[in-house]
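Enquirer: Would you mind keeping the following structure in view while I ask a few things?
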Amino acid sequence: MPITPLTGIPGGDEAFEKAQKQNRPIFLSIGYSTCHWCHVMEKESFEDNYVARLMNDAFVSIKVDREERPDIDSVYMTVCQMMTGSGGWPLTIVMTPEKKPFFAATYLSKGEALTSADKVASVLKRTSIDPNGEELWEGALEIAYRGLSRSFDVQHGRFSPTCCGI
């Protein structure tokens, strides 16, 4: 069953419509103004042209301020804690266009974000589109989830440096 609290946020409905039309997952980032790691991730990843291009090619992105929308933060922090055993900010959730989360993490360094975006984009390009280029292959999200979960360090709430080569 999809989680739906993003309905009604500025750009939220349009983002999900775009994700459905383009058959791409949603990348949700939740942070707040006084969070050091939120600012670090924003500067080193979201403001980097290369990372932004990869993110735009692989995902439809939504950014939420947890202080403005604690209801959304609460739901997705619970998702992160259920999936990883811990939580924190910045909070990163990747979900289907139908609002079904399949990946959760906290701070992702630029190297981790590049590696993750490259892996997801590669899997989506290789295996997710049918020969006619029309439909998301039903196993694509499972493949992406398995690949990303193998490199995720649950104890530290991030991708393992040894798994990502950084």
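Enquirer: Multiplying the sequence separation of Glu17 and Glu44 by 0.36 nm and subtracting their Cα-Cα distance, what value in nm do you get?
Expert: Numbers: separation 27, 0.36 × 27 = 9.72 nm, distance 2.84 nm.
The span from Glu17 to Glu44 would gain 6.9 nm if fully extended.
Enquirer: If each residue of separation counts as 0.36 nm, what is the full-extension length gain between Thr78 and Glu142 once their alpha-carbon separation is subtracted?
Expert: 20.9 nm
Enquirer: Express the carbon and sulfur contribution to the solvent-accessible surface of the stretch 24-83 as a percent, rounded to the nearest whole number, probe 1.4 angstrom.
Expert: Carbon and sulfur: 52 percent of the exposed surface of the stretch 24-83.
Enquirer: Taking the Cβ-Cβ separation of Gln155 and Trp37 as r and a Förster radius of 22 Å, what is the calculated FRET efficiency to the nearest 0.05?
Expert: The formula returns an efficiency of 0.80 here.
Enquirer: Excluding ligands and nucleic acids, what accessible area in Å² is computed for Trp89 using a 1.4 Å probe, to the nearest 10?
Expert: Ignoring ligands and nucleic acids, Trp89 comes out at about 80 Å².
Enquirer: Moving on. Accessible area, 1.4 Å probe, largest first: how do Ser86, Ser29, Ser61 sort?
Expert: Ser61, Ser86, Ser29
Enquirer: Let me ask something additional. If Arg146, Arg24 are ordered by their accessible area, calculated over protein heavy atoms with a 1.4 Å probe, which sequence runs from highest to lowest? Mind showing how you got there, number by number?
Expert: Values: Arg146 110, Arg24 35 Å².
Correct descending sequence by accessible area is Arg146, Arg24.
Enquirer: When only the heavy atoms of the protein chains count and the probe is 1.4 Å, how do Thr78, Thr92, Thr106 rank by accessible area, highest first?
Expert: Thr78, Thr106, Thr92
The values are calculated or read from the model by the stated rules, or taken from the named source; none is laboratory data. No experiment lies behind these values; they were computed from the predicted model shown. In this analysis, Cβ positions are derived from the backbone assuming ideal geometry, glycine residues included, and neighbour counts consider all displayed protein chains. SASA here: full protein model, heavy atoms, side chains in, ligands and nucleic acids out. Shrake-Rupley method; radii C 1.70, N 1.55, O 1.52, S 1.80 Å.
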